[in-house]
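Colleague: Structure incoming, see below.
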Amino acid sequence: MNKKKSGSPLVNAIGTQKLVILAVLIVLFAAFSILSASFRSYSTIITILSYSYYITFMAIGATFALITGGVDLSLGTGMICYGMIGGYLVIEQGMPVGVGMLVTVLVAVLFGLFNGTLIAVFDIPPFIATLATMMITRGIGSVVVGGMSVTWPQAASAQGWFRSLFRTQINGVMIPTGFLWVLLSVIIMTFILNKTKLGRYIIAIGSNKEATRLSGVKVVKYHIAAYAITGFFTGLAALAYAATFQELSPGTGGGLELDAIGSAIIGGTSTAGGVGSIAGTLIGVFIMSMLKTGLPFVGLQANWQQIITGIILLGAVGIDVMKNKR
Amino acid sequence: MGEVILTMKGIDKSFPGVHALDHVDFEVRKGEVHALMGENGAGKSTLMKILTGIYSKDSGSIVYEGKEVSFTSPRDAQDAGIVIVHQELNMVNHLTVAQNIFIGREPMKGIRIDDAKMVRDSRALFDMLGIDIDPRDKMSTLTVGKQQMCEIAKAISHNAKLVVFDEPSAALTETEIEQLFKIIRDLKSKDMGIVYISHRMDEIKVITDRVTVMRDGTYAGTLITKDCTKDDIIKMMVGRTIYEDPKTKSMVPPDAPVVLKVENLNAGKMVQNVSFELHKGEILGFSGLMGAGRTETMRALFGADPKTSGDIWINGQKAEIRTPQDAVRLGIGYLSEDRKQFGIVLQKTIAENTTLATLPEFMKGIFINRKMENAAAQKYVDSLKTKTPGIDQLVVNLSGGNQQKVVIAKWLCRNCDILIFDEPTRGIDVGAKNEIYHLMNQLAAEGKSIIMISSEMTEILRMSDRIIVMCEGRKTGEIAIEDATQETIMQAATMQE
């Protein structure tokens, strides 16, 4: 990392890795558009966006856990669990959908606080603490709702307005309203990460917790806060998931956290802590979503997405490793 | 020198099993640089940690600026104007210089951190100290020396009145040290009190006004720097009674063949042009202060760390050692100072640990031959007198001394003729120490050759047939046991080129 102020200021401001993955994203989009006429359609873009919201929120959450030098394995199962609990209250208990949404996010934040407390107060390694939470949340959702799948109100129903928060139709034209929330989240979290005490201390904890503690920073508080943020975004992911998909099934969601974590790493967040960028994470998510949606258009089955994403992940990390070696 | 700013009186501190500080007195005046000296483990750091609220004292009093104080956290001490510049750098590498200096007390603009003000204030601070660093640079891009300067700037920015430097020069280059001294003189002229911990005798003479010496957790005395000689200080540092008799003459016959010859070994900053020979049946002591490069030398020799250059001969044959496997194949065994991390597998039995490095010899097809393994383990338990109910005992249940014996057994089982003991008795109680000493002597008598790194002067003098002294990565002395005294060793260990 001994780059001095050489090269274009833009490159230095954005960072080499982010530029590279941004280029990858653009190249992918161009390639799919050239190869397939049906890919370069408005509805495809809407599809890509729709399927990216919940991953984006999860990935923003994953980014905060990673910046502290930790990880959150409970993102995927947690998301389904929180969404099931909220949906259950709406469908089975007849509560207003707004209350269901609030409870979903609230439960998510509580589990985030739980993770943070295990890690910051009881010194349980993040991998183990969140692995436990992953198992707990995988079971707890179905226990609460009694083992069945949960479907949030349909778009056409009276309470269906919440689905239009993420996708709506005006005069027959699809509007990707969810992207607004994504954009807002990215801007706000970038600000918090780079410009506020909360963000700075979260970075500092991930970089050198002991030095941060000796500087008089209440590290426990900020460490827990980082996981609470992760929880909060898992809650938002649950809402996006519930609005996009038909149903939330008990025991599912496991594995999705790896997509989220992978996106964050592709976006330049370090698993060693202290480094991370929300905008990078967003690009990482789009690369994944574009592959998932785009590959079938060019005649490759979707499983290729897994393979190619894995290669891109290695490539992105490779750039970083090389840069640090020099 | 001005009035007294700090008086520590009768400070006493015990840790489980160790009386770390025994009624220690210490005093600092305004505008004074007061050196705090002593061997490793003499209690300097403990005393400073009590001063800055990291440890609590058992008894004694601390009077600071005329008032009795008792700090409960580093923050407490900081608020009162007592700051410590740590030996290990306490910097957050991913943040910028300015962000590091103001961490924990950032200037705010609403909910936003005022980065611009932070940079301005850092610049003003650096200008005052005559340091040339861009506050916007990432901490990780600075040299260790510059990071040290930032650490000092950070410490002073807390309105410091008393600054403790804990071996600040250890990682600095010549010019950086000059700059450091300039800063210290500057602080001194501003009437601050300064505590300077260092092993480097020459620096002590240049920069300090008084020297307080600690020895084995006790206060040994205070000298006026300009009125005393280097020898006076050394005498005070080592002036304890020696409980064990030192060896008086080498047990190695003069015609013993050279089994290991190392020539101009280089590996990083900590190993510079180190050359030595080891004879058959010899115990070669490696002495020096903490960070002298002894462990690094052995790790480079053993192939655990890469070496940049240097030749090694074993029994007169040129040896290529690139990995620990190479070294082990050539009959070198390394007993790490950190037994638990590198030496043994705690949750395995004595038998399993004994054969760990030699497992292929105990195989029957793809299975481990338990009978052979147990026989070998039993043999070494008997010959080394390892105290255990049986060879099936988990190593974690053994005492430190007996764990060490299991490590020795492992290397003996491997037929190692050259054994490198790195701090062989660290963490081992006095009775067991004697047994380990006995065992080492016995091994040497049987023709094994031993290199022993030790920070304990008494251990070096008692065990070694010959002593090599290192200081800052260089060999600074080679002393026959007949000529060795604590003074001659300490002279070489604090030597500076």
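Colleague: So which of A:Ala242, A:Ala211 is within 14 Å of chain B (Cβ to nearest Cβ) and part of a helix (DSSP H, G or I)?
Modeller: The unique qualifying residue is A:Ala211.
Colleague: Separate question: Checking the structure you have, find out if any residue of segment B:408-419 is under 16 Å from B:Leu335 (Cβ atoms), without any contact (Cβ under 8 Å) to a residue 60 or more places away in the chain, among the aliphatic types (A, V, I, L, M) and open to solvent by less than 10 Å² (accessible area, probe 1.4 Å).
Modeller: Checked segment B:408-419: at least one residue is under 16 Å from B:Leu335 (Cβ atoms), without any contact (Cβ under 8 Å) to a residue 60 or more places away in the chain, among the aliphatic types (A, V, I, L, M) and open to solvent by less than 10 Å² (accessible area, probe 1.4 Å).
Colleague: Can you confirm whether segment B:40-62 contains a residue that is within 13 Å of chain A (Cβ to nearest Cβ) and either aromatic (Phe, Trp, Tyr) or not in a loop (DSSP other than H, G, I, E, B) (or both)?
Modeller: Yes, because at least one residue in segment B:40-62 is within 13 Å of chain A (Cβ to nearest Cβ) and either aromatic (Phe, Trp, Tyr) or not in a loop (DSSP other than H, G, I, E, B) (or both).
Colleague: Right, another one. Could you tell me which of the residues A:Thr151, A:Thr177 is touching a residue at least 12 places away in the same chain (Cβ under 8 Å), out of contact with any Asp or Glu (no Cβ under 9 Å at 6 or more places or on another chain) and away from chain B (no Cβ under 14 Å)?
Modeller: A:Thr177
Colleague: If you go through segment A:166-178 one residue at a time, do you hit one that is under 25 Å from A:Gly76 (Cβ atoms), among the aliphatic types (A, V, I, L, M) and either over 22 Å from the mean Cα position of the chain (by Cα) or open to solvent by less than 70 Å² (accessible area, probe 1.4 Å) (or both)?
Modeller: No - not one qualifying residue is present in segment A:166-178.
Per-residue answers, yes or no, for (1) in a helix (DSSP H, G or I); (2) hydroxyl-bearing (Ser, Thr, Tyr); (3) in contact (Cβ under 8 Å) with a residue 12 or more places away in the chain:
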| residue | (1), (2), (3) |
| --- | --- |
| A:Tyr54 | yes, yes, yes |
| A:Leu66 | yes, no, yes |
| A:Leu73 | no, no, yes |
| A:Gly83 | yes, no, yes |
| A:Gly86 | yes, no, yes |
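Colleague: Step by step: first the residues of segment B:328-366, then only those that are among the β-branched types (Val, Ile, Thr) and assigned to a helix (DSSP H, G or I), then the one that is most open to solvent (accessible area, probe 1.4 Å). Which residue is that?
Modeller: Restricting to residues being among the β-branched types (Val, Ile, Thr) and assigned to a helix (DSSP H, G or I), the top hit is B:Val328.
Colleague: Here is a follow-up. Among the strands (runs of 3 or more DSSP E) confined wholly to segment B:434-480, which include 1 or more residues that are open to solvent by less than 10 Å² (accessible area, probe 1.4 Å)?
Modeller: In segment B:434-480, the matching strands (runs of 3 or more DSSP E) lie at B:449-453, B:466-471.
Colleague: Only helices (runs of 4 or more DSSP H) wholly contained in segment B:75-168 count here; list those with 2 or more residues that are within 14 Å of another protein chain (Cβ to nearest Cβ), within 30 Å of B:Ile204 (Cβ to Cβ) and open to solvent by 20 Å² or more (accessible area, probe 1.4 Å).
Modeller: Correct list: B:144-156.
Colleague: How many of the residues in segment A:214-227 are out of contact with any Phe, Trp or Tyr (no Cβ under 8 Å at 6 or more places or on another chain), within 12 Å of another protein chain (Cβ to nearest Cβ) and not hydrophobic (A, V, I, L, M, F, W, C)?
Modeller: 3
Colleague: Another question, then. Among the residues of segment A:207-214, is there at least one that is of a type in the set (Val, Ile, Thr) and in contact (Cβ under 8 Å) with a residue 12 or more places away in the chain?
Modeller: No, segment A:207-214 contains no residue that is of a type in the set (Val, Ile, Thr) and in contact (Cβ under 8 Å) with a residue 12 or more places away in the chain.
Colleague: Now a separate question. Name every residue in segment A:272-326 that is at positive phi and exposed (fewer than 13 other Cβ atoms within 10 Å of the Cβ), in order of residue number.
Modeller: Answer for segment A:272-326, where residues must be at positive phi and exposed (fewer than 13 other Cβ atoms within 10 Å of the Cβ): just A:Gly299.
Colleague: Confirm whether B:Val69 is on the phi < 0 side of the Ramachandran plot, open to solvent by less than 30 Å² (accessible area, probe 1.4 Å) and either touching a residue at least 40 places away in the same chain (Cβ under 8 Å) or within 14 Å of chain A (Cβ to nearest Cβ) (or both).
Modeller: no
The values are calculated or read from the model by the stated rules, or taken from the named source; none is laboratory data. Everything numeric here is computed off the predicted structure, so don't read it as measured data. Neighbour counts run over all protein chains shown; Cβ positions are idealised from the backbone, glycine included. Only protein heavy atoms, including side chains, enter the accessible area calculation; ligands, DNA and RNA are left aside. Shrake-Rupley method; radii C 1.70, N 1.55, O 1.52, S 1.80 Å.
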